[in-house]
Structures are given as structure tokens and as C-alpha cells.
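The values are calculated or read from the model by the stated rules, or taken from the named source; none is laboratory data. Computed from a prediction, not measured in an experiment: that's the story for all the values here. Virtual Cβ from ideal backbone geometry, glycine too; neighbours counted across all protein chains shown. Note: areas computed on protein heavy atoms with side chains; ligands, DNA, RNA excluded. Shrake-Rupley method; radii C 1.70, N 1.55, O 1.52, S 1.80 Å.
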Amino acid sequence: MIEGIISGFQQAFANRHELARGWKKEGKKVLGYVYSHVPQELIYAAGIIPVQLVEGEDERAEELGEQYFPDFYCDYVSCCLGQGLSGEYDYLDGVVFPDACETIRGLAGE
């Protein structure tokens with residue numbers, strides 16, 4: 001039973017972009033966020049679907065993001081920017097950037 005639940009979550013994560021694009025087609029708003037410092041519950045309570053930006057498997061996205069940041073910025077931020085620039089998160093209506101660290105502030109500024 002637990003394996004089936006875990007498998008369902010794994011499938012949803014693997015298909016997260018398709019699921020989010022489906023929500024958009026249904027007329028729902030989709031808001032991205034970085035890190036867990038963002039209160040997803042408030043976003044959801046406002047009738048908006050929260051989607052956490054995560055590092056992707058495509059190294060090209062990270063390389064694309066690295067072109068805009070100094071070398072000391074973390075891979076997570078470079079990858080999120082690269083995925084945004086490549087259209088991976090084209091379904092988002094916006095993104096929430098918490099004041100979590102210097103690199104996130106840099107990402108918000110790009």
C-alpha cells in the first residue's frame with residue numbers, strides 16, 4: 001500500500017510540468033516559489049496552485065543560468081534561472097522569492 005502511494009507521488013513529480021500546464025488549461029493560476037520559506041498554504045488558500053521550483057535533470061538549464069551569475073552562486077539558483085529562460089516554467093503566472101539568501105535575491109533581480 002505504501003509503495004503505491006510513494007509511486008503515485010513519484011509519477012506526479014516526474015510529470016509536474018504537464019500537470020501544471022493542465023491546471024493552466026483549466027483556468028487555474030499557478031505560482032512558483034523557491035525554498036520552503038514561502039507559505040504555500042496561503043497561496044493555495046487564495047485559489048492559486050503553488051509549485052516549488054526545483055533543480056532539473058537537464059544540465060543545459062544550469063549552464064544557461066550560470067551565464068548570468070557569478071561563479072559563487074549556487075547550482076540551485078542557476079538551474080532555476082536556466083529552466084525559466086528555457087521555457088520549462090512557462091506556465092507560471094509569477095514567482096515568490098523569499099528573502100532567504102543572497103543568491104535568491106540575485107535570482108529575483110534577474
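With all pairs of different alpha carbon atoms counted, what Kirkwood hydrodynamic radius in Å does the chain show?
Roughly 14.9 Å, rounded to one decimal.
Please compute the modelled spin-label separation between Gln40 and Leu85, points set 7 Å along Cα→Cβ, answer in nm with one decimal.
2.7 nm
Quick check: Cα centre of the range 9-51 to Cα centre of the range 62-98, how many Å?
Here the two parts' Cα centres lie 17 Å apart.
In nm, to one decimal, how far is the Ser7 label point from the Phe72 one, both placed 7 Å along Cα→Cβ?
Going from the Ser7 label point to the Phe72 one covers 4.8 nm.
For Glu59 and Arg21, what is the calculated FRET efficiency with R₀ set at 25 Å and r taken between the beta-carbons, to the nearest 0.05?
Once rounded, the FRET efficiency stands at 0.60.
Send over a whole-number figure in Å² for the accessible area per residue of the chain, probe 1.4 Å.
Averaged over the residues of the chain, the accessible area is 64 Å².
So, with a 1.4 angstrom probe, what is the percent of accessible area on the chain that is carbon and sulfur?
In the chain, the share of accessible area belonging to carbon and sulfur is 54 percent.
Tell me the label-point distance for the pair Arg105, Lys28, using the 7 Å Cα-to-Cβ offset, in nm and rounded to one decimal.
Once both label points are built, they end up 3.4 nm from each other.
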